[in-house]
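Written below as structure tokens is the structure these notes are about.
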Amino acid sequence: MSSRKVLLLVASPRGAASTSKSLGDHLLAGLEERGMALKTLPLYPALGEERKMSELLAAVDLCDLLVLAFPLYVDQLPAPLIDLLRQIAERRNGQVRTGQALAAIVNCGFPETTHCRPADDIVRLFAVQAGFRFLGCLATGMGGAIGNRSLAKAGAIVRHQRKALDRAAAFLCENKEIPADVIALMGRAMMPRWFYNFVADRGWKKAAGKYGSSAKLFDRPYAGGES
């Protein structure tokens, strides 16, 4: 059992209704079972709010394990998260806080988990600059298949992700790096890529119809600049 404190920082504009929160919550449940004290904070409500941002930064300073949960934006972290990481690094100025560690959970809407590799590298570099011990990045594609559902209610499609998060919790609570096989398990496809693309395409068409934009789906507004 562990008495260490973990802070889950949810860096998604959807907050509690996000895939990031669902994945983070499942990891925290495993950490709580092993005796870790939990705290969850959303990033976006603190933007432009000096008091809330100060409380968030203080919580980062006090935790033993910081878990960043965020969606991929093309191949990058969300801009507000990048700004926050810069603030944390500047506050610390490379000073190591004894025992503090960092892990990340990133999901993307693309079918392939490989799109998350640049985000993994960015978080790893931040950990070095800010004085955290980096314990690993759990990345998965097809995040849109989860939505804001808890993983316990998402069915068999997230069986690999559930198992990976459960196994990762056992290592994180002991301040150990997440093994490569657990990271690989997290990134396994939830369903055949063709089926995911089919469902996603239907979702785009449904949204376009809702907003009266169906006739514009094949527009190429920048095609005139082609040579």
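The values are calculated or read from the model by the stated rules, or taken from the named source; none is laboratory data. Note that this is a predicted model, so its numbers are computed, not measured. Neighbour counts run over all protein chains shown; Cβ positions are idealised from the backbone, glycine included. Just so you know, the surface numbers come from the protein's heavy atoms only, side chains and all, with ligands and any DNA or RNA stripped out. Shrake-Rupley method; radii C 1.70, N 1.55, O 1.52, S 1.80 Å.
Summary of computed values
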read-out: Set Leu23, Leu8, Leu27: member being under 13 Å from the mean Cα position of the chain (by Cα), outside any helix (DSSP H, G or I) and either among the small types (Gly, Ala, Ser) or surrounded by 14 or more Cβ atoms within 10 Å (Cβ to Cβ) (or both); value: Leu8
read-out: Every pair of residues 6+ apart whose Cβ atoms lie under 7 Å, when the first sits in region 147-164 and is open to solvent by less than 60 Å² (accessible area, probe 1.4 Å) while the second is of a type in the set (S, T, N, Q); value: Gly147/Thr19; Ser150/Ser22; Leu151/Ser22; Leu151/Gln161; Gln161/Thr140
read-out: Failed item, numbered, when Ala46 is tested on (1) over 26 Å from Asn93 (Cα atoms); (2) free of Cβ contacts under 8 Å to residues at least 24 places away in the same chain; (3) open to solvent by less than 60 Å² (accessible area, probe 1.4 Å); value: (1)
read-out: Test: residue in region 174-182 that is farther than 22 Å from Val6 by Cα and touching a residue at least 40 places away in the same chain (Cβ under 8 Å); value: no
read-out: Residue check, Arg202 over 15 Å from Val67 (Cα atoms), surrounded by fewer than 20 Cβ atoms within 10 Å (Cβ to Cβ) and not polar (S, T, N, Q); value: yes
read-out: Pair list, Cβ under 6 Å, 6 or more apart: region 130-142 residue at positive phi and open to solvent by less than 10 Å² (accessible area, probe 1.4 Å), other residue charged (D, E, K, R) and outside any loop (DSSP other than H, G, I, E, B); value: Gly131/Arg92
read-out: Conditions (1) at pLDDT below 90; (2) in contact with a helix residue (DSSP H, G or I) (Cβ under 9 Å, 6 or more places away or on another chain); (3) not hydrophobic (A, V, I, L, M, F, W, C); number of the one not met by Lys163; value: (1)
read-out: Scope region 68-90; condition assigned to a loop (DSSP other than H, G, I, E, B) and either under 20 Å from Ala17 (Cα atoms) or hydrophobic (A, V, I, L, M, F, W, C) (or both); matching residues; value: Leu72, Val74, Leu77, Pro78
read-out: Residue in region 215-227 that is without any contact (Cβ under 8 Å) to a residue 40 or more places away in the chain, touching a Phe, Trp or Tyr at 6+ places or on another chain (Cβ under 8 Å), surrounded by fewer than 20 Cβ atoms within 10 Å (Cβ to Cβ) and over 30 Å from Arg92 (Cα atoms) present; value: yes
read-out: Selection status of Gln76, of a type in the set (S, T, N, Q), open to solvent by 40 Å² or more (accessible area, probe 1.4 Å), at pLDDT below 95 and touching a helix residue (DSSP H, G or I) at 6+ places or on another chain (Cβ under 9 Å); value: yes
